[in-house]
Amino acid sequence: MSSETKSHLFYQSRRRRPQLDRARGIYMWDVDGKRYLDGSSGAMVCNIGHSNPRVLEAMRRQMEKSTFGYRLHFETEPAENLARKTAGLAPEGLERVFFVSGGSEAVESAIKLARQYALAVGEASRTKVISRQPSYHGGTLGALALTGYAPLSAPFDPMMRPMPKIPAPRAYLDGLDPDDPETGRHYADMLEARILEEGPDTVLAFIVEPVGGASTGALPSPAGYLPRIREICDRYGVLLIHDEVMCGGGRTGAFLGGDLYGVAPDILVISKGFGAGYVPLGAMVAHERLVEPVLDAGGFLHGFTYAGNPLACAAGLAVLEEIETEGLIANAARVGAVLRGRLNDLMQRFPLVGDVRGEGLLLAFELVADRKTMTPLPRALNAFDRLVEYAYEEGLIIYSRRTRGGYAGDHFLVCPPMITTEAQVEEIMTPLTRALERFCAEAAPHLTDAA
Ligand code: PLP
């Protein structure tokens, strides 16, 4: 079927894409034989590359035994094994695992567990979950209420309970040094101020991406930020939830984003790279201390039909084994440093590249009209869309969003799978440079007009 044929599918827009034929490693081919380098691992999902034979074999073996066993009817070996393995990779005490099919489900599960815990320990007044602006925590209404990205949430605001937001620690826009612990303290103290403003006994939890994802463009936590956040949460009895949906799973050079900063949350959620695109899979991992009182008080009032299904869990287990046996976390750190260096080189050549940031292979660069003031490009240039299209034409897939809360600014995530080699970094840079040349040539007259 070609893109001229009417499609009965609809997603965000009318834009059509070529039909995918096959994918191997970091490459994908459409039905016309054109090859694409998956420079964003889909949406930062396919962390171990496409069609890994060992994962496919593990899935096939499981499919021959059973593809579904409802969790209220059976325990299954893959779910038990994956839960054990996941708990082993999580900080001490976070040893209870609830499987889901995606990131939004994981976030919903976390906030519902937090609420039930508060009820179980007699703190019924705690209902507010503070999050950051900008942030992305999911598309379902509970997770969307936590998301700080107004273009996606505004139409639904009247249907949701507003949740308090504090600014994300975007030191590079505020002229602060992200390596100075004073910077981390400055932004973390905004949480304390907000808790006090809301009334500490009304605040249930704070949810944070240890390394930001699509909404901030791979924004790392500044020095001292997360440890200070942990202290503040403890001071006011507020639960700390790490949203590891995008940064968890090894891409940052540590299994969890929180590990980079030595901070353990009360609950963490993980998805994308956890199933790595082989199956819809995610998990909420909670501290034993939260789960026991909820179970004692009558049980966790929550569930999804596909939670913990054996096929998804067998695939997830094989993904984690692959990451371990192939040393992919260390590779993400090593190749990520090379890629980051090459993205930094772009700043010499293209004045529009205003910032390069991230950890490991969770990397992004931002385009600006003026690097000194970090003034965004004129909105009408639609850089976030144009550059992605040019790269796509050149056979490179990258991922973009508008930086400033979704309304202005343009950043681009360059996040190839964790199996990427140093040589393949050059295969990314060549089409990316060509795409930037094309975009800069197009943008130049508009920038001169604006000046
Ligand atoms: N949390 C973060 C940090 C994400 O990046 C995403 C998705 O991009 C989600 C939650 C929601 O995940 P899903 O789209 O799988 O529901």
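The values are calculated or read from the model by the stated rules, or taken from the named source; none is laboratory data. Just so we're clear, the structure is a prediction, and the values are computed from it rather than from any experiment. Neighbour counts run over all protein chains shown; Cβ positions are idealised from the backbone, glycine included. Note: accessible area is taken over every heavy atom of the protein model, side chains too, but ligands, DNA and RNA are not part of it. Shrake-Rupley method; radii C 1.70, N 1.55, O 1.52, S 1.80 Å.
Points to keep in mind about this one:
- Looking across the stretch 227-269 at every residue that is in a helix (DSSP H, G or I) and aliphatic (A, V, I, L, M), the one that is most open to solvent (accessible area, probe 1.4 Å) is identified as L260.
- Looking across the stretch 361-392, the residues that are over 26 Å from M246 (Cα atoms), without any contact (Cβ under 8 Å) to a residue 40 or more places away in the chain and outside any loop (DSSP other than H, G, I, E, B) come down to D370, T375, R379.
- Considering only residues in the stretch 107-141 that are among the small types (G, A, S) and farther than 29 Å from L173 by Cβ, the one that is farthest from the ligand (Cβ to nearest atom) turns out to be G122.
- The residue that is most open to solvent (accessible area, probe 1.4 Å), among those in the stretch 270-301 that are in a loop (DSSP other than H, G, I, E, B) and within 16 Å of the ligand (Cβ to nearest atom), is P280.
- Out of D410, D385, D345, one residue alone is acidic (D, E) and in contact with a helix residue (DSSP H, G or I) (Cβ under 7 Å, 6 or more places away or on another chain). It is D410.
- Listed conditions (1) under 28 Å from R185 (Cα atoms); (2) more than 11 Å from the ligand (Cβ to nearest atom); (3) aromatic (F, W, Y) are all met by F156, apart from (1).
- Only listed residue being of a type outside the set (S, T, Y), outside the structural domain of A408 (by TED's automatic domain parsing), away from the ligand (no atom under 15 Å from the Cβ) and assigned to a strand (DSSP E or B), chosen from L191, L204: L204
- F412 passes every criterion in (1) open to solvent by 10 Å² or more (accessible area, probe 1.4 Å); (2) of a type in the set (F, W, Y); (3) within 25 Å of P220 (Cα to Cα) apart from (1).
- Residue in the stretch 181-203 that is out of contact with any helix residue (DSSP H, G or I) (no Cβ under 7 Å at 6 or more places or on another chain), open to solvent by 10 Å² or more (accessible area, probe 1.4 Å), of a type in the set (S, T, Y) and touching a residue at least 40 places away in the same chain (Cβ under 8 Å) present: yes
- Counting only strands (runs of 3 or more DSSP E) wholly contained in the stretch 1-92, the ones carrying 1 or more residues that are open to solvent by 100 Å² or more (accessible area, probe 1.4 Å) and farther than 27 Å from L256 by Cβ occupy 20-24, 35-37.
This table checks each residue for (1) touching a residue at least 60 places away in the same chain (Cβ under 8 Å); (2) acidic (D, E).
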| residue | (1), (2) |
| --- | --- |
| M63 | yes, no |
| F74 | no, no |
| P78 | yes, no |
| E92 | yes, yes |
| L119 | yes, no |
| T127 | yes, no |
| I130 | yes, no |
| M159 | no, no |
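- Boolean, G213 is touching an Asp or Glu at 6+ places or on another chain (Cβ under 7 Å), over 20 Å from C233 (Cβ atoms) and not in a helix (DSSP H, G or I): no
- With respect to (1) assigned to a helix (DSSP H, G or I); (2) surrounded by fewer than 21 Cβ atoms within 10 Å (Cβ to Cβ), the lone exception for P351 is condition (1).
- Of the candidates R60, R84, R96, R24, the single residue that is within 27 Å of T421 (Cα to Cα) and at pLDDT 95 or above is R24.
- Selection within the stretch 322-348 - surrounded by 16 or more Cβ atoms within 10 Å (Cβ to Cβ) and closer than 30 Å to P445 by Cβ: R342, L343, L346
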